[in-house]
1. By counting other Cβ atoms within 10 Å of each Cβ, how are A:LYS184, C:LYS108 ranked from fewest to most?
2. Give me B:TRP42, A:TRP59, B:TRP176 sorted ascending by neighbouring Cβ count inside 10 Å, so fewest comes first.
3. Tell me, what HN-Hα J-couplings in whole Hz come from the Karplus equation 6.51 cos²θ - 1.76 cosθ + 1.60 at θ = phi - 60° for each residue of segment B:110-117, using x for Gly and Pro?
4. Determine the gain in length on full extension of the stretch C:THR128-C:GLU107; use 0.36 nm per residue of separation and subtract their C-alpha separation, reporting nm with one decimal.
5. How would you classify chain B from its alpha-carbon gyration tensor, with a ≥ b ≥ c the square roots of the eigenvalues: rounded for a/c under 1.5, else prolate if a/b is greater than b/c, otherwise oblate?
6. Using modelled amide H (1.01 Å from N, peptide plane; none on Pro or chain starts), what sits under 5 Å from the amide H of C:LYS96, excluding residues fewer than 5 places away?
7. Post the alpha-carbon centroid distance, segment A:6-82 to segment B:60-136, in whole angstrom.
8. Under 16 Å from a label point 7 Å along Cα→Cβ of B:GLU184: give me every residue in segment B:82-122 with its amide N that close.
Amino acid sequence: MIELKHISKRFGDLVVLDGVDFEVRQGETVALLGPSGVGKSVLLKHINGLIHPDAGEVWVDRMKVGALKRKELSRLRSRIGYVFQNGALFDSLTVFDNIQLGITDEAASEDEVYCRDRVRQCLDHVNLPPETAHKYPAELSGGMRKRVGIARAIAGQPTYLLWDEPTSGLDPVNADIIDSLVEKLDDELGVTSVVVTHDVRGAFRVADRIALLRDGRIRAMGTPAELRASTDPAVQQFLERDLTIPVAH
Amino acid sequence: MESHSVTLDVRRLVGRFSLRSTSHVGRVSYLLLEMARAVPEWRIWMPRMFEQASNVGYGSLFIVGLTAGFAGAVTSLQAGYQFTGSIPVYFAAGVIVESIILELGPVLTALVLAGRIGARYAAELGTMRVTEQIDALESLGRSSVSHLVLPRVIAGTLMLPVLVVFADLVGIGAGWVAAKGSLEMTNADFTYGAQYFFKTWDLWYSMIKAFAFGLAITIVPCYMGFSTQQGAEGVGRSTTAAVVSASVLILFLDAALAKVLLKT
Amino acid sequence: MDLYYKQELKVGVIVIVAVTVLVTGLLWLSGRTIGAGSTVTVPVRFSNVSGLQPGDPVRISGVKVGRVANVVLEDVGNVTVYLEVSRANRPRTDAKALVASLDFFGEKYVDYVPGNASDVLRDGQVITGQREVAITETATNLTSRAADALAGVQTLLSERTAEDIHRTLVAVERTLNVVARLGEGPTVGELRETLGAVQRLAVRMDSTLAKPDIGKSLDQVDEIAASMKEMSDGLGKATTSLGSILEKMDRGQGVLGRAVNDSTLHDDLHETLVALRKLLDDVRERPGRYVNVKVF
């Protein structure tokens, strides 16, 4: 259960979030939609405490993120997988080492056999061949890098997955592959997901509920059907462009 | 009109400058605190430290040796140029050895390394910051300070005295050879002069300086790299800022340490 | 396994090499050798060390045998200097040490005499060091007289003048000894006479200056000034005469000319002349100055 209560955040003179209330229930997949540069990623980083709000509170599993001690915050973060926009792989490490760093349980990460198995397993989850493990991020394509990023995020068996623009910058074929990966992982691993995206089509495909972030606030929130039926002109304007194309499923 | 009033508003400029400096001080202190807290996590920083240290140590040997060698030879030649007539030749040996141990060895090595590893650290960490690698590390519940900052700082601080010893050796050696060539100094003259003016404290002072410079040229660039913003340009900016401020800090520390530690 | 520790090994190697270089350099630069047991530390008490510093050499008969390890100011007029010398030169009960000047630049060294006594001093036993002026002292009574005179003179004249008198006396003494071996001859006689005159003058100067109550009254100052005048005239004559003797000698005339090969005589004479001239300058200049100061 993730709760954001009246979050405000500004960078210098720029107000990014202005009283955002947002809630994610256990087991569901919520898509956070909005135009680029509206602060979706900023909102996502509040959830695992990478950014602290100027005002408001973030609660995850009934724990107030801002008030946690270092150890507790570190433990909480290891339960939250974060998939970064461009993978954010450690480029000095091989794919194997990258994914191994994702194994957040200390005892497990020392067990070489477990690590080797887990890395292979995670690569398998994201449909990458085991040979990839010995490559460096620079040797991979954008889509593969994203998938390695996903493998790293799931390696620690998180209960939450935060997806930051999983399909941005990818061609439609790769974007579809990633979208189906999101769906698959949410189903298989039973995790609670928050997907930040500006790709309306993908959002409607993977999400149980969709929230629209605009002008620093949640403009609308509901199931895909509810959102489609919304009479709010701002919502309609945002959805229109993409929804004229038929959705895959 | 409005832009005029802004450019002329000195109070605002001063205010903004002092706010910014103060916040730098605050964030550096916070980083230092985080580093102190990360020290017990030696299982994490130790292996990475060795990797960085061997990189810094062996990677810098050539350039440090080259710099110190030329510095030693030039000091020797210039001492020969200035010490003419009535001044005994062994004085030149004392000048060469003392100036290399006290000043040229530590300072030149630190300045060279500020360019070499300072720029490297700032660029590495800056790139990691803008490509969200640092966030990624944090998001995995891992401390970026113990994974990234502490290994670099400890490696640099450990390796700088080592490199200064090497620089002193090469510098004195080159000075010796040059002195023999140009000043017609015998080995006995050189040994006599070198020993005559040497005090044990000089060498410790050199090592203390190297240690302080090591901290300066690693902490400042790490901090600059960590606070990088806005993409490739930001990385460039923090790299430049790192090298410039580390170099300035070296010169400042040089003066401060001379004042504090060399009571004559 | 070996690959796993590769970085650690490389770092270890470079650190060990650096520490070795550092230690070797430290030992070389401070002029010490490995094996701490081979040296012994000798504390010496001086009243004044004239700027002696740790690291300055310790010499026996001009040969470096150790270094000054530390200089500690205990009190005004009480300085303990720790000498580090090889165990072979450890002090005996009659050991002596004094601070001397090494060269023109005023660099100092410790002239150390371990002594000949059969008993070796206990470790840490303090030796009382001597001052440089008292060192050149040899056993002859003339020079010891001069040393006595110095004490009195010091209060009146500058240390330099006192030293000049002292040096003149020593030089004259030495030259006379040489001349005595030369036998007879006109120049030799002349020389002997001149030197005798110088010696008498110097001794008289000593006694004048050594008067304890000297300078108490204007009368005495006048007296000193008068006798100084007389003495400086005498010294002037002796200097001229000695100069001409030396000249003859350089031209190779008489017994003295033949003795030129005995370079000791020539050098001694030369030294006497230089010392005499300096003394003359001093004597002419200083008492006058002294008197003026006293009068006004």
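1. The order, fewest Cβ neighbours first, is A:LYS184, C:LYS108.
2. If I rank by nearby Cβ atoms, fewest first, I get B:TRP42, A:TRP59, B:TRP176.
3. 5, 5, 4, 6, 4, x, 7, 8
4. Length difference between fully extended and current span is 5.4 nm.
5. prolate
6. C:VAL113, C:GLY115
7. Cα centres, segment A:6-82 to segment B:60-136: 48 Å.
8. The answer is B:82-92.
We did not get these values from a lab; they are worked out from the coordinates using the rules stated. Just so you know, these numbers come straight off a predicted model, no measurement behind them. Cβ: placed from backbone, ideal geometry, glycine included. Neighbour counts: every protein chain shown.
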